[in-house]
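The values are calculated or read from the model by the stated rules, or taken from the named source; none is laboratory data. Everything quoted here is computed from the prediction, not taken from an experiment. Because the Cβ atoms are built from the backbone with ideal geometry, glycine has one as well, and the counts that use them run over all protein chains shown. Remember, those area values only see protein heavy atoms, side chains included, never the ligands or the DNA or RNA. Shrake-Rupley method; radii C 1.70, N 1.55, O 1.52, S 1.80 Å.
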Amino acid sequence: MIQVTANVTEIASAEKSGVPAWLNESEQRVWRRLLAVECRLRERLDRELQDAHGMSLGDYDVLVHLSEAQGRSLRMSELAERLLLSRSGLTRRVDGLVRGGWVERKACPDDGRGSLAVLTAAGLGQLKAAAPTHVGGVRRYLIDVLVGTGGLDGLDRGLSAVEAVLEQPRGG
């Protein structure tokens, strides 16, 4: 098994050689907790949407982005970018929403090669029905817990700093 923690001497030695230092126990605990909490939170929100509305969290995300867009439609490439999905991953997801009657595909009027994903009236109705379930879960499992511990502002500041670093070019 690879040892993922190190003592101070090993960290200093690694830093001098240009090799990133191993995470110490506290850092490793936070990193693993972040991954586990994010996964469990998404699973819980997904399960609640599946049980109550027959839609996945991924489906819900698509419907939200389309509902917020001008004309309730987005180019498929822009929607993929917003959702942090590959184009093929988005195509599979949208195919299911089209089969369900919640989204339509239309040709881009300004570019015959592109296509738009368009939220249908049925999709908007489904989104409106599912929104209280989703928002309730986000409040119950994240917002209210963090407000109760005084951690909401700290998490917001920390995530903002991480986001700023991730927006910089790699190696920058």
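At 1.4 Å probe radius, can you tell me the per residue accessible area of the range 96-137 in Å²? Let's see the in-between values first.
Values: 2230 Å² over 42 residues.
With the other protein chains kept in place, the range 96-137 gives 53 Å² per residue.
Just the protein heavy atoms count here, and of the accessible area of the chain at 1.4 Å, carbon and sulfur take up 54 percent.
Tell me the mean residue ellipticity at 222 nm calculated for the chain from its helices only (DSSP H runs of n ≥ 4, each -39500 (n - 2.57), averaged over every residue, nearest 500). Present the calculation step by step, with values, prior to reporting the outcome.
Numbers: 8 runs with 112 residues, N = 172.
For the chain, the value works out to -21000 deg cm²/dmol.
Other residues whose C-beta falls under 14 angstrom from the C-beta of R140 contribute a net charge of +2, scoring Lys and Arg +1 and Asp and Glu -1.
The amide H of V103, built 1.01 Å from its N in the peptide plane, has V98, T120 as neighbours under 5 Å, considering only residues 5 or more places off or on other chains.
About the Cα centre, and with charges only on the beta carbon of Lys, Arg (+1) and Asp, Glu (-1), how big is the dipole of the chain? Nearest 20 debye, please. Walk me through the intermediate numbers first.
Numbers: 23 positive and 23 negative charges, 92 e Å.
That gives a dipole near 440 debye.
Below 8 Å between Cα atoms, with a sequence gap of 6+, how large is the relative contact order for the chain in percent? Let's see the in-between values first.
On the way: 141 pairs, mean separation 28.8, N = 172.
After rounding, I find 17 percent.
Based on the alpha-carbon gyration tensor of the range 13-172 and its eigenvalue square roots a ≥ b ≥ c, which shape applies: rounded if a/c is under 1.5, prolate if not and a/b is larger than b/c, or oblate?
Working: a/c = 2.57, a/b = 1.52, b/c = 1.69.
It is oblate, given that a/c is not under 1.5 and a/b is not larger than b/c.
What is the range 120-165 by shape, rounded, prolate or oblate, if you read a ≥ b ≥ c off the alpha carbon gyration tensor as root eigenvalues and call it rounded for a/c under 1.5, prolate for a/b larger than b/c, and oblate otherwise? It is oblate, given that a/c is not under 1.5 and a/b is not larger than b/c. Classify the range 87-172 as rounded, prolate or oblate from the Cα gyration tensor: take a ≥ b ≥ c as the square roots of its eigenvalues, call it rounded if a/c is under 1.5, otherwise prolate when a/b beats b/c and oblate if not. Cα axes put the range 87-172 in the oblate bin. Seen against the Cα atoms of the chain and their longest principal axis, helix 25-53 is set at about 20 degrees.
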